[in-house]
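Here's the structure, in structure tokens; my notes come after.
What follows draws every value from the coordinates through simple rules; no lab data is involved. Quantities reported herein were computed from a predicted structural model and do not represent experimental measurements. FYI the Cβ positions are ideal-geometry reconstructions off the backbone, even for glycines, and counts take in every protein chain you see.
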Amino acid sequence: MATVVTGIGCSHGPQLKTPPAGWSERGMADRRNQALEFQGLIYDFASLQARREDFSEHCTPEAMQANWDASQTAMDRLGRHLAAADVDVLLIVSSDHKEVYGDELLPAFAVYWGEDVAHVPFTEEQLAVMAPGLAEAARGDVPAETVVRACHPELARYLIEQAGGSGFDVAASRSLPSGRYANHGIPHGWGFIYQRILGEECSIPFVPVFINTFYEPNPPSAERSYRFGRALGRALANFPQDLRVGVVASGGLSHFVIDEELDRRFLTALESGDEQYLTSIDPALMRSGTSELRNWITVAGIAAETGMTVTSTDYRACYRTEAGTGNAMGFVTWSRTNG
């Protein structure tokens, strides 16, 4: 039988791939943004700044460098944690920013069950039209040349079938749509895990799990995300092949406006296994980039179902403007409590 032996949660925001000298470019975009979402309301930059405290002390070169250095150290630790677990396959849960699925069909949950998937670099033309500060970061999500990454179709199909028996009609993709970049490639939420955490040369096969965290009208609730995770956990535990499985939550924490209170409460709930909190987070709080908390909630459900608990957490609130915009970075490990 398969055994879930380890897990990690890792943010994948642009500030993890762009040294602090480049964070101001995203800050310039924040200042022009008329729809900054924070605690269920929408602000332009000036009104957000008026509501919040002054975060200028967190945006000095020294403060930003400290956050960058600590985040890089934390990601190195996550990589060592996964390597030490010696897994046979990874289940990576992340959110597609309409890079693959679009308005033609936008599934709440989807599992890819093809034999392999392309990990494709961006063209110079594609990089040239990206929003300020994103092109350099995007290079950190992809290899220099296309890599074909192995998947695990038998496990993926089993998860789809078993989830159906648990009340989840999961969309099944055996061939990814061509997507925004017309390359049928895996998006950044999955690519980043290979490029930065596992290493570009890593050959561990994986099962991509998609959650629509961003887009109305069908992002799943916190409770639905958690129950989905528990359903996946049951299926993983019952898979008949002898596999060591690792699970990964990719994305989050709060952004593009940082909410430290929400983040710290969320991490505390992960540490304590607080199911009541994790299943009751107001959807109004999980908007914009903060919506990616759903990926972590799903992995928390898998962990609860398979006997894993949080063994370490790191948190860095990477501010880039005085109004508190930026990306809060979370780095978490789960391990089995019974060996």
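Could you state the number of Å between the C-alpha centres of region 209-227 and region 49-85? One Cα centre to the other: 27 Å. By the count of other C-beta atoms within 10 Å, a proxy for reagent exposure, His184, His119, His58 are ordered fewest to most as His184, His58, His119.
The angle between the Cα long axis of helix 153-165 and the main principal axis of the chain comes to about 90°, on a 0 to 90 degree scale.
Taking each pair of distinct Cα atoms in region 45-181 once, what is the resulting Kirkwood hydrodynamic radius in Å? Can you show the working numbers first?
Values: mean 1/r = 0.0528 Å⁻¹.
Taking every pair of different Cα atoms in region 45-181, averaging 1/r and inverting gives 18.9 Å.
Distance distribution P(r), the chain, all Cα-Cα pairs, bin width 20 angstrom from 0: 33, 60, 6 percent.
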